[in-house]
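Asks: Just passing along the structure, written as structure tokens.
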Amino acid sequence: MAPVKRNIQVLLLLLSGAGLLHIALFSDIYLRYVKEGLRVPLILSGVLLVALGLVGAARDGFPFAGPDTDGGTGEEEDADAADHGHDHRRGPRVAWLLFLPALTLLFFTPPALGSYTAARERDPATEEQQRFPALPRTSPVPLALSDFQARARQDTARSLADRRVRLTGFVTPGKGEVWYLTRLVLSCCAADSRSVKVEMRGMPEPPADSWVSVTGTWHPSGTPGRPSARAALDADDVEHIAQPANPYMDSVPRI
């Protein structure tokens with residue numbers, strides 16, 4: 001194997017491993033790619049890639065500048081290249097693109113998915129629930145978006161009636177005077193994200209993708225328990241907040 005090719009392989013292993021350790025061991029950037037529970041597998045993968053790169057470097061003496069050690073000669077490789085019409089000593093140029101994700105992990109922090117993704121995703125059906133626990137007596141009641149959505153669509157006991165609630169999420173533009181408070185939730189990674197959206201009424205639309213905490217009362221839209229029911233809120237207060245460390249966790253807002 002040509003020395004240059006071995007150099008590239010070792011560098012790719014080291015950069016990929018360092019990138020995984022950078023986002024999972026030394027920061028929380030990994031939360032923009034995968035669920036929180038996958039941190040340990042990412043760290044182990046990073047350690048393994050770095051170890052493989054170091055073993056390769058130690059075995060052949062990095063950087064590899066000497067003659068090949070696989071028993072072949074330059075003349076034999078040239079003759080083989082001529083017979084096949086291409087040179088096996090060099091990988092395809094497109095292989096250099098493999099360095100892009102490795103360098104991205106090290107030097108570029110991608111934004112979390114936001115309103116562009118949510119606006120183009122069909123709102124999935126809410127998971128059916130038979131019973132809903134009683135809401136606490138605090139006012140406003142802090143609720144996760146998914147909990148509010150499920151109660152608005154399915155709770156025939158109308159537990160949200162006459163209760164002020166507080167929800168948090170990012171802004172997805174709507175049509176007319178309606179906009180959406182949104183969360184993207186992961187099953188495994190960002191590629192399988194699904195949106196949870198609640199219609200916001202009564203307050204001007206904040207900038208798209210801004211994170212806000214909204215207080216208001218349930219706006220009945222359709223009949224709970226029937227397909228016509230939608231999750232909507234008559235907002236009376238909107239407060240801008242910082243994006244949470246884990247933007248894909250549909251957590252209950254703090255009072």
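Every number in this text was worked out from the coordinates using simple rules, so none of it is lab data. Keep in mind it's a predicted model, so treat the numbers as computed, not measured. Methodologically, a virtual Cβ is constructed for each residue, glycine included, from the backbone with ideal geometry; neighbour enumeration extends over all protein chains shown.
Asks: Provide, for q = 0.17, 0.21, 0.26 Å⁻¹, the log10 of I(q)/I(0) from a solvent-free Debye sum over equal Cα point scatterers in the range 134-217.
Replies: After summing over all Cα pairs, the log10 values are -0.74, -1.04, -1.32.
Asks: Within the range 101-172, list the GluC sites (Glu not before Pro) lying in a DSSP loop whose Cβ has at most 13 other Cβ atoms in a 10 Å radius.
Replies: E127, E128
Asks: In debye to the nearest 20, how big a dipole does the range 102-242 give about its Cα centre with +1 on each Lys and Arg Cβ and -1 on each Asp and Glu Cβ?
Replies: On the way: 17 positive and 16 negative charges, 77 e Å.
Charge dipole, the range 102-242, about its Cα centre: 360 debye, nearest 20.
Asks: Starting at the first residue of the range 204-221, write each ³J(HN,Hα) from the Karplus equation 6.51 cos²θ - 1.76 cosθ + 1.60 with θ = phi - 60°, in whole Hz, x for Gly and Pro.
Replies: Using θ = phi - 60°, the values come out as x, 6, x, x, 4, 6, 6, 8, 9, 10, 10, 10, x, 10, 4, 9, x, 9 Hz.
Asks: Taking amide H atoms as placed 1.01 Å from N in the peptide plane, list the residues 5 or more away in sequence, or in a different chain, whose amide H sits under 5 Å from that of Y180.
Replies: T172, G174, M200
Asks: Sticking with this structure for a sec: Write out the chymotrypsin sites (Phe, Trp or Tyr not before Pro) in the range 1-62 meeting two conditions: DSSP loop, and at most 15 other Cβ atoms within 10 Å of their Cβ.
Replies: Listed in order of number, the matching sites are F26.
Asks: Report, by chain and number, residues whose modeled amide H sits under 5 Å from the one on R164, excluding near sequence neighbours (fewer than 5 apart, same chain).
Replies: V141
Asks: Among the chymotrypsin sites (Phe, Trp or Tyr not before Pro) within the range 92-184, which fall in a DSSP loop and have no more than 15 other Cβ atoms within 10 Å of their own Cβ?
Replies: F108
Asks: If you average the C-alpha positions of the range 13-51 and of the range 171-239 separately, how far apart do those two centres end up, in angstrom?
Replies: Cα centres, the range 13-51 to the range 171-239: 33 Å.
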